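The numbers here are math on the coordinates, done by the rules we state, and not lab data. Since the structure is predicted, the reported quantities are computational estimates derived from the model, not experimental observations. A quick note on method: Cβ atoms are made from the backbone with ideal geometry, for glycine too, and the neighbour counts reach across all protein chains shown.
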Amino acid sequence: MVRPYSIAVDLGGTHIRAALYHGRDNTPLRRSRGLTPQTNDQAPILDALADAIRSVLPPGDDIAEISIAVGTPGPVDPFQGVILSAPNIPSLRNLPLRDWLAGRFPTNILVGNDANLAALGEFTFGAGQGAMDIVYLTLGTGIGGGVITNGRLLLGNRGLAAELGHVTIDPLGPICGCGHPGHLEALASGPAIAREARTRLAAGAPSLLSQLFRTDPLAVTAEHVADAARQGDQLACTLVADMAAVLARFIADCLAVFSPQTVILGGGVMGLGELLLAPIRRGVANHAMAAVYLEQLTICAAQLGDDAGLLGGLALCLNPALQPGQAHV
Ligand SMILES: [Zn+2]
C-alpha cells in the first residue's frame with residue numbers, strides 16, 4: 001500500500017540524515033541531519049535514528065499515513081529488515097532494525113543497503129531514468145554497488161548481492177577494508193588513491209603534492225590528488241589514469257555479467273568528472289568482450305549527489321513492486 005507521505009533515512013557512519021516527502025514529489029518537505037553517536041552501544045544510535053525520524057514527521061503526525069525507508073551501510077537483509085553488520089558502525093550487528101522501528105513507528109518500515117538504495121534513487125529520479133538495466137557504483141571512502149536488472153533491484157539470497165566493491169581485481173594487491181587482498185575498493189576508492197599517492201611520493205616521484213607530503217604525509221588525500229590532476233600534475237594524472245584503467249576493466253566485466261544499458265558512477269571521487277569518465281569510457285571500449293555491449297551503453301556521472309540514497313528510500317516507499325519479498329511483476 002502506497003501511503004501519502006514517505007520518510008527516507010540515511011544511517012551513515014558519521015551522519016544520520018532524514019527527509020520527509022509527499023507523494024511523488026522528490027523535493028523534501030522537511031530535512032534533518034545529525035551526528036551518528038560514536039559509541040559501541042546500540043541504544044544511543046537507535047535513539048538518534050528515532051529522533052531523526054520524529055524531527056521530520058509531517059503535520060498531524062498520523063504515523064499510518066507514512067512509509068519509512070532506512071538505508072544502512074554494509075550487509076543488510078532487506079527481507080527481514082535486519083542489519084547483519086555495518087563496517088562503520090560496529091555495534092549494529094545482527095540488529096532487527098525493522099522490528100525495533102515498528103515498535104516505535106507502527107507503519108510500513110523498509111530497510112535496505114545504502115548503495116542499493118542510491119542505485120534505486122538514480123534509477124527512479126536521476127541518471128538512470130528510462131533505463132531498465134543499470135550498474136551503479138559509488139566511489140567514496142569505500143566502493144558500494146547496486147544493480148538494477150529488468151527494472152528491479154538485484155538482491156540475491158538474503159539481499160546480499162551487488163557488493164561490487166568486493167570483487168577481486170588483483171590477488172596480490174593491497175588488503176581491502178574487509179580483510180581480503182586486491183578488491184576493487186582497495187584499488188579505486190578515495191583512500192586507495194591517497195595511499196598510492198603517498199607511496200609514490202615517498203619513493204621520490206616529483207609532484208605538486210611533494211611539499212605537502214614532506215610537511216605531513218598523512219595530509220595527502222584523494223581531493224589533493226584530484227586538484228593536482230586538474231592542474232596537469234604528472235603524478236596525479238598517472239594515478240587517475242591507473243584508477244580509470246582498473247575501473248574500465250571492472251566495468252567491462254560488468255557488461256558481460258549484467259549487460260547494463262547505463263553505468264552510473266557516483267561518490268566523492270567522481271568530483272574528478274570527465275577527467276575520470278573519459279579514460280574509463282575509452283578503456284571499457286577496449287576491454288568489452290564484444291562491440292554489441294557498447295552500442296546502447298551510457299557511462300555517466302550520478303546526478304543526485306548525497307541525496308541518491310534518500311531518494312532511493314522514497315522510490316522504495318512509492319513502489320511496492322520494488323520492495324523486497326514482493327512477487328516479481
Ligand atoms: Zn573487500
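Using the Cβ-Cβ distance between Gln129 and Ala203 with R0 set to 41 Å, the FRET efficiency works out to roughly 0.35. Quick check: net charge around Pro279, other residues with Cβ under 14 Å of its Cβ, Lys/Arg +1 and Asp/Glu -1? Value of the local net charge: +1. Distance from the Cα centroid of region 255-292 to that of region 92-144 is 22 Å (rounded to whole angstrom). Report the local net charge at His183: Lys and Arg +1, Asp and Glu -1, summed over other residues whose C-beta lies under 11 Å from its C-beta. Around His183, the charge tally is -3. Here is the size of region 80-208 from its Cα atoms: Rg then Dmax, 17.9, 60 Å. For the chain, treating each Cα as an identical point scatterer without solvent, what Debye log10 I(q)/I(0) comes out at q = 0.06 1/Å? Per q value, in the given order, log10 I(q)/I(0) is -0.21. Based on the Cβ-Cβ distance from Met1 to His180, what FRET efficiency comes out when R0 is 41 Å, to the nearest 0.05? Once rounded, the FRET efficiency stands at 0.45. The calculated 222 nm mean residue ellipticity attributable to helices in the chain amounts to -11000 deg cm²/dmol, summing -39500 (n - 2.57) over DSSP H runs of n ≥ 4 and dividing by all residues. The DSSP beta bridges internal to the chain are antiparallel in roughly 55% of cases. Counted by Cβ distance under 10 Å from Val70, the other residues give a net charge of -1, where Lys and Arg count +1 and Asp and Glu count -1.
Considering all C-alpha pairs of region 32-105, those separated by over 18 Å amount to 41%. Under the convention that each Lys and Arg Cβ holds +1 and each Asp and Glu Cβ holds -1, the size of the dipole of region 93-217 around its Cα centre is about 260 debye. Its relative contact order, with pairs defined as Cα atoms under 8 Å and 6+ residues apart, puts region 101-213 at 16 percent.
Each label point was placed 7 Å from the Cα along the Cα-to-Cβ direction; for Arg214 and Ser259 their separation is 5.7 nm. At full extension, Asp25 and Arg54 could sit 8.4 nm farther apart than now, given 0.36 nm per residue minus the alpha carbon distance. For the chain, a simple Cβ point-charge model (Lys and Arg +1, Asp and Glu -1, everything else neutral) yields a dipole of about 60 debye relative to the Cα centre. Each Cα pair under 8 Å and six or more residues apart adds its sequence gap; the mean of these over the residue count of region 1-132 is a relative contact order of 22 percent.
Across region 267-291, the residues whose backbone nitrogen lies under 17 Å from the label position 7 Å along the beta-carbon direction of Thr298 are 274, 277-278, 281. Mean separation of Cα pairs under 8 Å and 6 or more residues apart, divided by the residue count, gives region 88-160 a relative contact order of 22 percent. So if we plug the beta-carbon distance of Asp41 and Ala291 into 1/(1 + (r/R0)^6) with R0 = 41 Å, what FRET efficiency do we get, rounded to 0.05? Once the sixth-power term is evaluated, E becomes 0.15.
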